[in-house]
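The values are calculated or read from the model by the stated rules, or taken from the named source; none is laboratory data. Quick caveat: nothing in here was measured; it's all calculated off a predicted structure. Here the Cβ positions follow ideal geometry from the backbone for every residue, glycine too, while neighbour counts run over all protein chains shown. For accessibility, only protein heavy atoms count, side chains too; no ligands or nucleic acids. Shrake-Rupley method; radii C 1.70, N 1.55, O 1.52, S 1.80 Å.
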Amino acid sequence: MGAAQVRSFSEIEAAFVEYVQRTVYCTMVTVDRHNRPRARVVQPVWETVGGRPVGWLAVFRTPVKAAHLANNPHTTYAYWHPCQDAVFVDSVSAWAHDRDTKLRAWELYRRNSPPGVGYDPHLYWSAGPDSPDYHLLRIDPWRVQVLRGADLSSRIWTVEAPQTSVNRSAPGRPPPPPAPSGGDPDAAAPRS
């Protein structure tokens, strides 16, 4: 079954919110410097700003996540529910550092945005939004797909992907090692 392209995010916003509310957690995918994917389970909050979705992800700034995003800020967030409803968000994720933005996202988590999604961030950052290990990613989607499991109908909203600098082969970095004879490229190289 083909996917229907929509012109405005508002055409899929209700399904997006419904599926995110039902699923709550999603898988965030980044890529390492050798373009190998890495997944982790996260819980972003969402709002609509100027007719476009904007996500916020409160996180600990781990070395792996920081290195992946420094090399390539393109990320995918995938929600899947056992009834087969799914949301796929292709985006650019960037660190947000200013206090006002971090406080705003903190409040979105506390208020649950959308309703049912979020948590009390004090559970992880007891010193509040000024905790030194509270970090925030802004998620700017350029493609959102909602997939209804009942009939596999799919609707896709896109905007032109934002221009970003993606460092695919930095000076001094060796190319990825060849795959070992078993064919598993991850067996030969350490994870970044």
Just one of (1) at pLDDT below 95; (2) surrounded by fewer than 19 Cβ atoms within 10 Å (Cβ to Cβ); (3) out of contact with any Gly (no Cβ under 6 Å at 6 or more places or on another chain) trips up residue 113, so point out which. (2)
Would you confirm whether or not region 126-147 contains a residue that is of a type in the set (Asp, Glu), within 22 Å of residue 9 (Cα to Cα) and modelled with pLDDT of 95 or more? yes
Would you be able to say whether some residue in region 159-182 is surrounded by fewer than 14 Cβ atoms within 10 Å (Cβ to Cβ), at pLDDT 55 or above and more than 22 Å from residue 57 (Cα to Cα)? yes
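Sort out which residues of region 49-70 are open to solvent by 60 Å² or more (accessible area, probe 1.4 Å) and either polar (S, T, N, Q) or not in a strand (DSSP E or B) (or both), and write them in order of number.
The initial filter retains those residues of region 49-70 that are open to solvent by 60 Å² or more (accessible area, probe 1.4 Å), namely 49-50, 52, 60-61, 63, 70.
Answer for region 49-70, where residues must be open to solvent by 60 Å² or more (accessible area, probe 1.4 Å) and either polar (S, T, N, Q) or not in a strand (DSSP E or B) (or both): 50, 60, 61, 63, 70.
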Of all residues in region 80-107 being free of Cβ contacts under 8 Å to residues at least 40 places away in the same chain and either under 18 Å from residue 61 (Cβ atoms) or among the β-branched types (Val, Ile, Thr) (or both), the one that is surrounded by the most Cβ atoms within 10 Å (Cβ to Cβ): 102
Given the structure, is residue 75 in contact with a helix residue (DSSP H, G or I) (Cβ under 6 Å, 6 or more places away or on another chain) and crowded, with 19+ Cβ neighbours inside 10 Å? no
The residue that is nearest to residue 106 (Cα to Cα), considering only those in region 1-47 that are open to solvent by less than 20 Å² (accessible area, probe 1.4 Å) and in a strand (DSSP E or B), is 45
Residues that are touching a helix residue (DSSP H, G or I) at 6+ places or on another chain (Cβ under 6 Å) and outside any strand (DSSP E or B), drawn from region 78-115: 81, 85, 102, 103, 106, 109, 114
Residues that are within 15 Å of the chain's Cα centre (by Cα) and of a type in the set (D, E, K, R), drawn from region 63-121: 65, 90
Name the residues in region 116-151 that are assigned to a loop (DSSP other than H, G, I, E, B), of a type outside the set (Phe, Trp, Tyr) and surrounded by 14 or more Cβ atoms within 10 Å (Cβ to Cβ), would you? 117, 118, 131, 149
